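Novice: For reference, the structure I am asking about is given below.
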Amino acid sequence: MTAGDIPAARRRLLRAAAVLPLAGGVPRAAAMAGRTWPARGIRVVVVYPPGGVSDTIARLLAEALSRDLGVPAWVENKGGAGGSVGMETVARAAPDGYTLAFSALTPLTLNPLLSRPSGEYDPLREIAPVAAVMRTPVLVAGTPAFTGRDFADLVDEARRHPGAIRWASSGVATTGHMVMAQVAAASGARITHIPYHGGGPQLNDALGGRFEVLSTNVAALQLDYVRTGRLKALAVGAPARLGALPDAPTLEELGYPQANLMSLFGLFAPAGTPRPVQESINAAVHRALVGGQLAERLESAYNLPAAGSVADFRVAVRDDYEANRRLVKAGALRSDRTPAAP
């Protein structure tokens, strides 16, 4: 989970991102010759509400897949329960490559550790990781209610006044929640977690100063609020400082390497989807990440294209699950409060 100790599968994903132009080495016409899949349209279930960064990227990815594969591909939003509702929908779909999920890892690697999925649904057994798509940096920002100057002031205040610092995330079991939990565990400070049901309400309340700190995925809107002074950038979860926030240190720089996290998003299929179909989807995603509107949108939002094989992505999911299991066992992840009332 640290920048200096990334599991092998994650390192391979990051290295592969640097050589994406090589991913489409087999000519597309040859690869498509004699195919039996896809013969009809592909549904991409986004496991979050519409309007966020993940939704925007998923729609661009669906357009790219449609052009590449020659069949319609469309997005269907199925938010709820931190992504678990959409993931269960995909798990129950036919394993034929025509229903996919676009999601971060947490519905598979953290949600099941914090709450029991409905019915007999087992995310790790019933969902197949197919293709990594992007890594999204995390921004830790102070709101108008935060009177400190920097991240050190945040930790100092939380130590001197246990529970006084209210830190909001977009939901329980999200990457932003994990960042907060890791900072609390490493610093020994007691921080009050305020989970929201999505990034929109969280951001609105942040601007209104209903809590002191938030962690959120980096996106153009958040960056605009930092530039105009409505939010104060305290730190980022990223391999290095972001060009848009040169004065915001990474959490590793600040001495919190375990909290220096990014959200990894990818495509998932029902377990039992034929391996050749999974490989075809993986290759199509790689081609989509080379140039074009999708690559430009990722770069403009400071997202990093991810890459790697089906096997690499599968191991990355398992690594993340094991890291989260240790965190949950240590009691570092909990929900202390519901959002503040209007």
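None of the figures in this text is laboratory data; all of them are computed from the coordinates on show. Note that this is a predicted model, so its numbers are computed, not measured. Note that each Cβ is placed from the backbone with ideal geometry, even for glycine, and that neighbours are counted across all protein chains shown.
Novice: Express as a percent, rounded to the nearest 5, the fraction of DSSP beta bridges in the chain (both residues included) that run antiparallel.
Specialist: Details: 25 of 41 bridges.
The answer is about 60 percent antiparallel.
Novice: Another question about this same structure. Work through the residues other than Thr109 whose Cβ is under 11 Å from its Cβ and net out their charges, Lys, Arg +1 and Asp, Glu -1. It would help to have the intermediate numbers written out before the result.
Specialist: Details: positive: Arg318, Arg325; negative: Asp319, Asp320, Glu322.
Net local charge, Thr109 excluded: -1.
Novice: Which value at 222 nm does the chain reach when only helices count, each DSSP H run of 4 or more adding -39,500 (n - 2.57), with the total divided by all residues and rounded to the nearest 500 deg cm²/dmol? Provide the component values of the computation, followed by the final result.
Specialist: Working: 14 runs with 135 residues, N = 342.
Helix contribution divided over all residues of the chain: -11500 deg cm²/dmol.
Novice: Helix 310-329 versus the longest principal axis of the chain: what angle, 0 to 90°, nearest 10, using Cα atoms?
Specialist: Approximately 30 degrees, to the nearest 10.
Novice: Can you list residues whose amide H is under 5 Å from His193's amide H, if they're 5+ apart or on another chain and H is modeled 1.01 Å from N?
Specialist: Trp167, Asp336, Arg337
Novice: Follow-up question, since we're still on this one. Under a point-charge model restricted to the Cβ atoms of Lys and Arg (+1) and Asp and Glu (-1), what is the dipole moment magnitude of the chain relative to its Cα centre, in debye to the nearest 20? The partial results should precede the final answer.
Specialist: Numbers: 35 positive and 28 negative charges, 66 e Å.
Taking the Cα centre of the chain as origin, the dipole is about 320 debye.
Novice: Can you check what the net charge comes to around Asp247, using other residues whose Cβ is under 14 Å from the Cβ of Asp247 (Lys, Arg +1; Asp, Glu -1)? Intermediate values should be presented prior to the final figure.
Specialist: Details: positive: Arg149, Arg227, Lys232, Arg241; negative: Asp150, Glu253.
Residues near Asp247 contribute +2 overall.
Novice: Would you mind calculating the relative contact order of the chain from Cα pairs under 8 angstrom and at least 6 residues apart, reporting the percent as a whole number? Before the final figure, lay out the partial values.
Specialist: Numbers: 686 pairs, mean separation 99.8, N = 342.
It rounds to 29 percent for the chain.
Novice: To continue, here is another question. Relative contact order for the range 137-260: what is it in percent, counting Cα pairs under 8 Å that are at least 6 residues apart? Don't skip to the end; give the middle numbers.
Specialist: Numbers: 230 pairs, mean separation 44.2, N = 124.
Across the range 137-260, relative contact order equals 36 percent.
Novice: Classify the range 137-260 as rounded, prolate or oblate from the Cα gyration tensor: take a ≥ b ≥ c as the square roots of its eigenvalues, call it rounded if a/c is under 1.5, otherwise prolate when a/b beats b/c and oblate if not.
Specialist: Numbers: a/c = 1.29, a/b = 1.08, b/c = 1.19.
Rounded, because the longest to shortest axis ratio a/c is under 1.5.
Novice: Ok, one more. Given a Förster distance of 22 angstrom, what is the FRET efficiency for Thr228 paired with Thr147, based on the Cβ-Cβ distance and rounded to 0.05?
Specialist: Approximately 0.70, to the nearest 0.05.
Novice: Gaussian network model of the chain, Cα springs within a sub-10 Å range: biggest mean-square fluctuation belongs to which of Ala283, Ala131, Ala323?
Specialist: It is Ala323.
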